[in-house]
Amino acid sequence: MRRSLAAVALTALAPASWGTTYAVTTAFLPPDRPLFTALVRALPAGLLLLALTRVLPKGAWWWKSLVLGALNIGAFFPLLFVSAYRLPGGMAAVVGSVQPLFVVGLSALLLGRRPAGRTLATGVVAALGVSLVVLQGAGALDVVGVLAAVASTASMAAGTVLTKRWGRPDGVGPLALTGWQLTAGGLLIAPVAALAEGAPPALDGRAVAGYVYLALVNTAVAYWLWFRGIGRLSATQVAFLGPLSPLTAAVVGWAALAQSLTPVQVAGMALAFGATLAGQLGGSGGSGGSGGERSFSSAEKNGRKVSMDLTGKSLRR
């Protein structure tokens with residue numbers, strides 16, 4: 001029990017870290033370069049982890065790493081940023097908050113795990129809580145933005161469930177598996193960023209510091225903790241940690257960016273946090289490989305690696 005609580009606490013640091021992304025992006029990075037930012041987050045971190053572990057995939061794990069890297073990083077990041085720039089306020093975070101329900105559905109299809117009514121109800125409460133925190137009124141919804149938000153959430157959920165299904169090779173730790181996925185995802189993002197945004201922007205000292213933080217702390221360390229947690233917790237437990245990202249973004253916005261929190265938002269935070277705790281209790285039977293879901297070895301959705309702008313400007317994970 002104590003080991004499970006420690007695993008939950010360490011894994012929760014990943015979405016909490018992702019919740020700082022908006023504040024860092026706003027304060028340090030050049031504007032309107034979402035794909036370049038996604039590339040800098042993924043590829044350097046992946047190459048660094050490859051250099052540290054000196055372990056490459058073998059056999060079927062070449063294509064499995066490519067698939068997982070595409071779902072968790074390569075497709076997820078660009079789709080998330082497309083939704084962030086086209087949807088009003090925190091709508092993308094609201095769509096992302098239904099990831100636990102995607103995970104439950106895909107677990108039933110791919111892992112043969114029947115969803116419990118309590119789990120479904122908890123997922124709905126989590127989405128409602130996040131909606132109260134981040135959803136700003138006004139504005140017609142952009143169809144492309146909504147589709148991108150749904151696709152990014154589904155991509156991360158599929159990556160989580162497939163990682164559980166495939167586990168990881170014998171003798172390969174979560175650090176190496178993280179490096180494989182970040183590198184594969186970064187290589188997939190690179191040509192898209194070059195075609196869509198052209199040459200990299202000029203960077204000053206603040207931008208370099210911001211990108212270093214995103215690549216090392218927000219991505220390399222956070223994704224390692226996330227994938228490590230997936231190896232010790234059930235798919236549902238991990239998915240229910242996702243709402244911590246927009247909740248952290250709200251707290252950071254209040255503390256560091258002078259954004260206000262209304263009573264409704266505070267109530268939403270309490271609901272979402274309570275659902276996160278309930279999700280850990282409801283899914284604990286799968287941790288450690290004892291009963292329930294089998295243990296698995298890697299997880300961002302949405303991860304959800306999301307942070308949001310409470311003023312309605314942008315959303316980033």
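Bear in mind that the values in this text are calculations on the coordinates, not laboratory data. Owing to the predicted nature of the structure, the values given are computational and were not obtained by experimental measurement. All Cβ positions, even for glycine, are placed from backbone atoms using ideal geometry, and neighbour counts span all protein chains on display.
Between residue 255 and residue 217, the FRET efficiency from the beta-carbon distance, with R0 = 25 Å, is close to 0.90.
Taking θ as phi - 60° and the Karplus parameters 6.51, -1.76 and 1.60, the scalar couplings of the range 150-159 work out to 5, 5, 5, 5, 5, 4, 5, 4, 5, x Hz in sequence order, x denoting glycine and proline. On full extension, the segment bounded by residue 196 and residue 118 gains 23.7 nm, given 0.36 nm per residue less the C-alpha separation. Using 0.36 nm per residue and subtracting the Cα-Cα separation, the extra length available between residue 53 and residue 108 on full extension is 16.4 nm. Taking 0.36 nm per residue of separation and subtracting the Cα-Cα distance, full extension of the segment from residue 266 to residue 170 would add 30.1 nm. With both labels modelled 7 Å from their Cα along Cα-to-Cβ, the residue 207 to residue 10 distance reads 3.7 nm.
Near residue 172, once Lys and Arg are set to +1 and Asp and Glu to -1 for all other residues with Cβ below 13 Å from its Cβ, the sum equals +4.
For the range 57-69, backbone phi angles converted through the Karplus equation (6.51, -1.76, 1.60; θ = phi - 60°) give residue-by-residue couplings of x, 10, x, 5, 6, 5, 6, 5, 5, 5, 5, 5, x Hz, Gly and Pro being listed as x. When Rg and the Kirkwood radius Rh are both evaluated on Cα atoms of the range 151-197, their ratio Rg/Rh stands at 1.07.
Quick one: plug the Kirkwood hydrodynamic radius of the range 1-60 (C-alpha pairs) into Stokes-Einstein at 10 °C, 1.306 mPa s, and report D in µm²/s. Rounded, D is 109 µm²/s. Computed from backbone phi with θ = phi - 60° and the Karplus coefficients 6.51, -1.76 and 1.60, the 3J(HN,Hα) list for the range 226-239 is 5, 5, 4, x, 5, x, 10, 10, 7, 4, 5, 4, 5, 4 Hz; x is used for glycine and proline.
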